[in-house]
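Asks: My questions will all concern the structure given below.
No value in this document is a laboratory result; all are computed from the given coordinates. Computed from a predicted structure; not experimentally measured. Neighbour counts run over all protein chains shown; Cβ positions are idealised from the backbone, glycine included.
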Amino acid sequence: IPVETERPGILSAKLRDSKKNWFGPSPYVEVCVDGQSKKTEKCTNTHSPKWKQSLTVIVTPFSKLVFRVWSHQTLKSDILLGMATLEVSETLKANNMKSEFPYSPLVWISLIRSDVFFFIYWCVCVCVCVCSWEQRVDHNDRVYYVDHIEKRTTWERPEPLPPGWERRLDPMGRVYFVDHVNRTTTWQRPTDESVRNYEEWQNQRSQLQGAMHRFNQRFIYGVSESNKEFDPLGPLPPGWEKRTDSNRRMYFVHHPTRSTQWEDPRTQGLLNEKPLPEGWEMRFTVDGIPYFVDHNRKTTTYIDPRLLSFMYFCHPQDLRRRLWIIFPGEEGLDYGGVAREWFFLLSHEVLNPMYCLFEYAGKDNYCLQINPASFINPDHLKYFKFIGRFIAMALFHGKFIDTGFSLPFYKRILNKPLALKDLESIDPEFYNSLIWIKDNNIEDCGLEMFFSVDKEILGEVTTHELKPDGGNIQVTEENKEEYIRLVAEWRLSRGVEEQTQAFLEGFNEVLPQQYLQYFDAKELEVMLCGMQEIDLGDWQRNTIYRHYARSSKQIVWFWQFVKEIDNEKRMRLLQFVTGTCRLPVGGFADLMGSNGPQKFCVEKVGKENWLPRSHTCFNRLDLPPYKSYEQLKEKLLFAIEETEGFGQE
């Protein structure tokens, strides 16, 4: 059955003038056919509306067009003035079964109400792009469609190409599509939704690039001053200059010889004097470019392995540069997704309480705080400085970590003073004891307390005086406010002063604290850890589809699967597709891709026996066209629970 694009043109109508109302109606026409609905614009306050508007709908020879005339109402539902139907088959019979006629004569259609009538005309254009389709019914009475050119079938009803697109054949007989607006070609058949999503992505990208350009214009960097301030290798040799290309890659210019190179001349002399590591060999390509062979691992690289010994030259501010993460033994290219995975996995390891650097804030509180017994590791201060740099990198690059810290620790990062109320979140029993002392007369109770406290670390009990000679100063009603303040400060910082200072030292080297002065502890926690609760409605609203439609059965099954699984599996599904199980502050609408904002995407790729694949850099899930819900559920669960690592197609 050929599928045709019909354009009924709505001309005008004549309505009976009612003297009961001061104002006339605001009529418009709605055309419905095969589940499609198109409306004309409304004509305000008139009994003789003139639309002169064409509407495009998809019909078959057995379709029935239903015309309804409505009166638009502002404060209540629209009023139906009348309706009529038009059989496409009858129209074709009247024109000798020919559908390629420009205009029909004016046709008058009587409506349900005798006081309303209107005239219509229509033209039918057979769409060349879909006339090769045939509608069939299988043995289960299910309707499917056959494309005789590409020799394939589909459950989805074919649609005409969007405006500006054309279908062509190459010399090999393969079908491709031409976009005359953007002057591009593609093998994938475009749809109105895919074109709309692409235009939306282009607008978001241009807005982001414009915002980045305006942001960069706020600062003017002095080249000479920045090199002197941040370059740990010192000044360049005479005649050398450091520049950056359009991709912000650094290279060096030697003006006496008028040559350029990628290598830093300040390290070349040091490298030439040092031998290669054991098992390494330097070779040259046919163009004279040196590369290095690692016979131990049987790999090659352009990076000089001797540069690893110069890593201490790396300035902390170099950690602000664009990251490119490579996992050993994996082929994944880092356009954002690999870095998200790296931050999540590394934070899970370095913040593990088993290493005795951090501990849980309480029995029922799994937020982390510095472990006072971390000194058992003689290099613990170096580790805390490293972790401070790592946490600052996560904030600077907008990546999330696995486990969050306690609120008092966030206040320390923000350099904000701690108060008694902060003690409640990490030790509620100790906090309630101090509140009881504050609200009651301790002299009447006979409590003998002094300005000293005991602490136990690794089985050793020591006494700490809250003030000089505090062991001999008794707490009374007059000085109990001072005692409460001092003991709260001690409880929030007991035995962790050096560790906190080392952490903040590494943190400030990458991201100075003054850049965070406008945030509070809760906001810092959300920026660093993201949101863990998943809003299913927000997820669905901010998901786009490629080669699928919202009504496709695979998409309906996918959302049914997401609704049935628990929040833990939803987070694992989110990590499988995006590289992290956390959401930004704005939810799914603020998901970031390789080039800026990138919504969650489900694309139709592969065959029904394939496993789902993900592209974490683009927040895209490749979902094959499975034949049943049970098959989709089995494949998705296997993908999110049994797979790991990155690869290339």
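Asks: With 10 angstrom as the radius, rank W155, W342 by how many other C-beta atoms surround their C-beta, starting from the fewest.
Replies: In increasing order of surrounding Cβ atoms, one gets W155, W342.
Asks: Less than 14 Å apart at the alpha-carbon level, and either on another chain or at least 8 residues along: which aspartates and glutamates does that give for K151?
Replies: E134
Asks: Quick check on the range 340-407: take the gyration tensor over C-alpha atoms, sort the square-rooted eigenvalues as a ≥ b ≥ c, and tell me if it's rounded (a/c under 1.5), prolate or oblate.
Replies: oblate
Asks: Here is a further query. Karplus couplings for the range 151-157 from phi (6.51 cos²θ - 1.76 cosθ + 1.60, θ = phi - 60°), rounded to Hz, Gly and Pro as x?
Replies: With the stated coefficients, the range 151-157 comes to 6, 9, 10, 8, 7, 7, 5 Hz.
Asks: For the range 556-617, run through the trypsin sites (Lys or Arg not before Pro) and keep only the ones in DSSP coil with at most 13 other Cβ atoms within 10 Å of their Cβ.
Replies: Here the trypsin sites (Lys or Arg not before Pro) that fit, given the DSSP loop and packing criteria, are K607.
Asks: I would also like to ask the following. So, counting K/R as plus one and D/E as minus one, what does the shell of residues with Cβ under 15 Å around K599 add up to? Kindly include the intermediate steps, with their values, before the conclusion.
Replies: On the way: positive: R196, R205, R541, R546, R550, R620; negative: E193, E199, E200, D535, D538, D590, E603.
With Lys, Arg at +1 and Asp, Glu at -1, the net is -1.
Asks: Using the charge dipole of the range 314-523 (Lys, Arg: +1 at Cβ; Asp, Glu: -1 at Cβ; taken about the Cα centre), state which of L407, P328, F519 has its Cα farthest towards the positive end.
Replies: It is P328, whose Cα lies furthest towards the positive end.
Asks: While we're on this one: Give me the dipole magnitude in Debye, nearest 20, for the range 536-642 about the Cα centre, with unit charges on the beta carbon: positive for Lys and Arg, negative for Asp and Glu.
Replies: With Lys and Arg at +1 and Asp and Glu at -1, about 340 debye.
Asks: Starting at the first residue of the range 463-478, write each ³J(HN,Hα) from the Karplus equation 6.51 cos²θ - 1.76 cosθ + 1.60 with θ = phi - 60°, in whole Hz, x for Gly and Pro.
Replies: In residue order, the calculated couplings are 9, 10, 8, 6, 8, x, 6, x, x, 10, 9, 7, 7, 10, 5, 6 Hz.
Asks: Pull up the DSSP beta bridges for the range 536-642 and report the antiparallel fraction as a percent, rounded to 5.
Replies: 40
Asks: Stretched out fully, how many nm does the piece from L536 to Q73 gain, at 0.36 nm a residue minus the Cα gap?
Replies: 163.2 nm
Asks: If you don't mind, there's one more thing I want to ask. Would you be so kind as to identify which of G596, Y626, Y545 lies farthest towards the positive end of the dipole of the range 536-642, taking Lys and Arg as +1 and Asp and Glu as -1 on Cβ and the Cα centre as origin?
Replies: Among G596, Y626, Y545, the one farthest towards the positive end of the dipole of the range 536-642 is Y545.
Asks: Ranked by Cβ crowding within 10 angstrom, fewest neighbours first, how are R266, R321 ordered? Intermediate results must be reported in sequence, preceding the final value.
Replies: Numbers: R266 17, R321 10.
Neighbour counts put them in this order, fewest first: R321, R266.
Asks: Go ahead and run the numbers for FRET between L458 and E278, Cβ-Cβ distance against an R0 of 45 Å, rounding to 0.05.
Replies: The formula returns an efficiency of 0.60 here.
Asks: What pairs in K399/K569; K363/K522; K563/K604; K438/K467; K467/K522 have C-alpha atoms more than 28 Å from each other?
Replies: From the list (K399/K569; K363/K522; K563/K604; K438/K467; K467/K522), the Cα-Cα distance tops 28 Å for K467/K522.
Asks: While we're looking at this one, here's another question. Report the local net charge at T580: Lys and Arg +1, Asp and Glu -1, summed over other residues whose C-beta lies under 10 Å from its C-beta.
Replies: +1
Asks: Same structure again: So what J values fall out for the range 359-376 if you push phi through Karplus, 6.51 cos²θ - 1.76 cosθ + 1.60 with θ = phi - 60°, rounded to Hz, Gly and Pro as x?
Replies: Result, ordered by residue: 9, 6, 5, x, 5, 10, 10, 9, 6, 9, 9, 5, 7, x, 8, 5, 5, 4 Hz.
Asks: Something else now. What ranking do T476, T91 get, fewest neighbouring Cβ atoms within 10 angstrom at the top?
Replies: Fewest-to-most Cβ neighbours within 10 Å comes out as T476, T91.
Asks: Counting Lys +1, Arg +1, Asp -1, Glu -1, what net charge surrounds L319 among other residues with beta carbon under 9 Å of its beta carbon? Please list the in-between numbers first.
Replies: Numbers: positive: R320, R321, R389; negative: D318, E509.
Net of charged neighbours comes to +1.
Asks: Using +1 at the Cβ of each Lys and Arg and -1 at the Cβ of each Asp and Glu in the range 314-523, identify which of H380, G337, L504 lies farthest towards the dipole's positive end.
Replies: Selected residue: G337.
Asks: Still on this structure: Suppose every K and R has +1 on its Cβ and every D and E has -1 on its Cβ; what is the size of the dipole of the range 314-523 about the Cα centre, in Debye to the nearest 20?
Replies: Here the range 314-523 has a charge dipole of around 1000 debye.
Asks: Express in nm, to one decimal, how much length is gained between H180 and E166 on full extension, taking 0.36 nm for each residue of separation and deducting their alpha carbon distance.
Replies: 4.3 nm
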